[in-house]
Amino acid sequence: MGIQSRRWGQGVPFYLVNSIFGLLIIPGSVFAAASGTVKGWGSFVVGGDLRRGFIAVSSGDNHSLALKAHGSIVAWGNNYDGQCNIPVPNRDFIAVATGYYYSLGLKADGSILAWGDNYRGQCDVPSPNTDFIAVAAGDSHSLGLKADGSVVAWGYNNSGQCNVPSPNTDFIAIDAGCWNSFGLKADGTIVAWGYNGYGQCNVPGYTDFIAIAAEGNYCLGLRSNGSIVAWGWNMNGECNIPSPNTGFIAVGAGGHHSYGIKTDGSIVAWGTDNDVPTPNTGFITVSAGREESVGLKADGSIFVWKGKRNVQMPNTDYTSVATKMDGLGVRTDGSIVVWGYGDDAPAPNTDFIAVASAEYFYLGLKADGSIVGWGLCDYGHCDAPTNNIVAIAAGDFFSLSLKNDGSIIAWGGCFDGQCDVPQPNTDFVAIAAGSIHSLGLKANGSVVAWGENSSGQCNVPPPNDDFIAIAAGGSHSLALREDGYIFAWGNNSSGQCLIPAPNADFIAIAAGSSHSLGLKKNGSIVAWGSNSRGQCNVPLPNTGFIAIGAGYNQSVAISRYCEYNLAGDTDDDCNVDFYDTAEAASDWASNWLADCTDAPQNPECLPKSP
């Protein structure tokens, strides 16, 4: 999981692993070949295995939801307003919908749960919250379809989008655009209300519609003869259905693009950003968000394209992660995956062993000791000065690298002394970069700090010895001692330096802008400090983690627990079917079903006894 070196004085190998603001060290060879799945939480949520078991999808402006057959929801993407924080218990859902910065989930008992941004009251489900059979989410208004065929609307009503026209009966399906609403009647007609500035409420007079899809300021209607009708905004060709307009079974409307699924399971796209997935087969549902598209296949798997709001699927074989604004991960094949809004790694995307993420730029370390930098590089911080590098770190517009001779090189926007490495510049074994300060770990176990020091982040506490790992945050610093004890100093305005008790058995550390993470020897993560975006809410099950990283308001980790690769699992259901080795039995003890957010209440999450 990084670059093997020799630990000072005792001949024990350690591994250098990039975290977000710098580098963390995981002692011992146990993690040398470890890889796993990525999980991210806080202001940006990533992770989850999308390969099977799903029955519905919804992609919104900047986040997506997927519903599993057993009733739990998987969410990913922007979580700034909590739109990806699924209410607990995460079970018994039968439908989902994504709005601009909020989410809706329909429960099996007919009630609706809403979470995320509620500035316009779009999450205030009216009473009685019962007997609903479908949900739809617009920009900031919501719709619910009752079992009696009536529609309930709530939230922002600036254009009458919540004023359901009479007679409010016989509806069988609903959808919502930006400031408009649509309902499909049992007689095959579509009723539209709300903002009509682009004719999106002027429904063509057909009486054989069987499905609708709305987004922004236009709408698609699927007819019983397999043709699609489109009306409303057409600036980007989103209403120009390509020929032959026949044989469609489903529709999806996006920000500036549209989709139709054919009877053979292939997707047809039109408008801008009209790319289709590869391979283009087996689809039964498509949801076209504004920044990404999500398709559900007949085998229960999900395919995501056009955007980067989640890690590249399959979510396996990641060995190193980093995050600050966006996220990066290194896979066992040496490629770098970027999620969020950052640019992909330059070609050739091969032979990488470590990554570093800053606010608007990224660094990748190659196996040959060279560095590749990309992104916003106005201060030259992407221009690596030399080869023979064994570690990298990225701060705000400056970069650090550790050479194989133990010296540190710093370059870029060095306005506060963060690039002025103290002398003697020798015997360093690890580096970390904060926002505008730097840390270096010496072979004798002492920490050297330099750069901006207004919060005391460079005042290393005594005794400055026996440290084996360092991490630099926005304006605070962490150091891990050999006995598993963490020292913290600098800015503590959000409690980022208050390590929870017991302060013991830690093997890795990471520092974000105003929060901190510690990885325990048992594979669990402890988080403390600012939790403004849920960055300290470690996802369950909190076990089996092997690497951690912390960003501005988000956290990321690699987990080894079951993602359809559990030893002894012959049918890929994350349940152990037999044990053929002692190692398999040992693995079973700490593995759970991949999506068990409410374990052990969900029966599928209970491991079987060997």
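Worth pointing out:
- Only a single criterion out of (1) crowded, with 20+ Cβ neighbours inside 10 Å; (2) in contact with a Ser or Thr (Cβ under 9 Å, 6 or more places away or on another chain) is not satisfied by LEU480, namely (2).
- Within segment 277-306, the residues that satisfy the criterion of being assigned to a loop (DSSP other than H, G, I, E, B) and either within 16 Å of THR98 (Cα to Cα) or of a type in the set (Phe, Trp, Tyr) (or both) are GLY289, ARG290, GLU291, GLU292.
- ASP148 falls short of the stated requirement of being of a type in the set (D, E, K, R), over 23 Å from ILE112 (Cα atoms), in the same structural domain as PRO128 (by TED's automatic domain parsing) and more than 34 Å from the chain's Cα centre (by Cα).
- Restricting segment 341-372 to residues that are among the β-branched types (Val, Ile, Thr) and surrounded by 15 or more Cβ atoms within 10 Å (Cβ to Cβ), the residue that is farthest from GLU292 (Cα to Cα): ILE371
Conditions tested, residue by residue: (1) in contact with a Lys or Arg (Cβ under 8 Å, 6 or more places away or on another chain); (2) under 26 Å from PRO87 (Cα atoms); (3) aliphatic (A, V, I, L, M).
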| position | (1), (2), (3) |
| --- | --- |
| ALA510 | no, no, yes |
| HIS515 | no, yes, no |
| VAL526 | yes, yes, yes |
| SER530 | no, yes, no |
| GLY549 | no, yes, no |
| GLN554 | yes, yes, no |
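Okay, residues lined up against (1) farther than 23 Å from TYR552 by Cα; (2) surrounded by 21 or more Cβ atoms within 10 Å (Cβ to Cβ); (3) basic (Lys, Arg):
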position	(1), (2), (3)
TRP374	no, no, no
ALA391	no, yes, no
ALA410	no, yes, no
ASN425	yes, no, no
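- Scanning segment 510-556 for residues that are more than 19 Å from GLY473 (Cα to Cα), in a strand (DSSP E or B) and under 17 Å from the mean Cα position of the chain (by Cα) yields a single hit, PHE545.
- When residues of segment 112-133 are limited to those that are touching an Asp or Glu at 6+ places or on another chain (Cβ under 9 Å) and of a type in the set (S, T, N, Q), the one farthest from ASP148 (Cα to Cα): ASN118
- Filter result (of a type in the set (Ser, Thr, Tyr) and buried (at least 17 other Cβ atoms within 10 Å of the Cβ)) within segment 376-389: TYR379
- Applying the set (1) under 14 Å from the mean Cα position of the chain (by Cα); (2) at pLDDT below 90 to TRP305 leaves exactly one unmet item: (1).
- Considering segment 176-198, the residues that are within 19 Å of LEU222 (Cα to Cα) and assigned to a loop (DSSP other than H, G, I, E, B) include one that is modelled with the lowest pLDDT, namely GLY177.
- Filter result for PHE352 (in contact (Cβ under 8 Å) with a residue 24 or more places away in the chain and in the same structural domain as CYS382 (by TED's automatic domain parsing)): no
- Matching residues in segment 209-250 - criterion: being among the β-branched types (Val, Ile, Thr) and either without any contact (Cβ under 8 Å) to a residue 12 or more places away in the chain or more than 16 Å from GLY188 (Cα to Cα) (or both): ILE241, THR246
- Positions within segment 416-435 being in a loop (DSSP other than H, G, I, E, B), under 20 Å from CYS382 (Cβ atoms) and either hydroxyl-bearing (Ser, Thr, Tyr) or in contact with an Asp or Glu (Cβ under 9 Å, 6 or more places away or on another chain) (or both), in sequence order: ASP416, GLN418, GLY434, SER435
- Residue within segment 211-220 that is in contact with a Phe, Trp or Tyr (Cβ under 7 Å, 6 or more places away or on another chain) and outside any strand (DSSP E or B) present: yes
- A residue that is under 23 Å from SER58 (Cβ atoms), of a type outside the set (Gly, Ala, Ser), assigned by TED's automatic domain parsing to the domain that holds GLY282 and under 32 Å from the mean Cα position of the chain (by Cα) occurs nowhere in segment 186-197.
- Filter result for ALA173 (in a strand (DSSP E or B), buried (at least 18 other Cβ atoms within 10 Å of the Cβ) and touching a His at 6+ places or on another chain (Cβ under 7 Å)): no
- Unmet requirement for VAL338, which otherwise passes all of (1) in a strand (DSSP E or B); (2) under 16 Å from the mean Cα position of the chain (by Cα); (3) within 29 Å of ASN217 (Cα to Cα): (3)
- Residue count for segment 136-170, restricted to those that are in contact with an Asp or Glu (Cβ under 6 Å, 6 or more places away or on another chain) and of a type in the set (S, T, N, Q): 0
- Candidate set from segment 74-130 (those that are among the polar types (S, T, N, Q) and within 21 Å of the chain's Cα centre (by Cα)); member that is surrounded by the most Cβ atoms within 10 Å (Cβ to Cβ): SER103
- GLY155 at pLDDT 95 or above and at positive phi: yes
The values are calculated or read from the model by the stated rules, or taken from the named source; none is laboratory data. The structure presented is a predicted model; accordingly, all values stated were derived computationally and were not measured. Note that each Cβ is placed from the backbone with ideal geometry, even for glycine, and that neighbours are counted across all protein chains shown.
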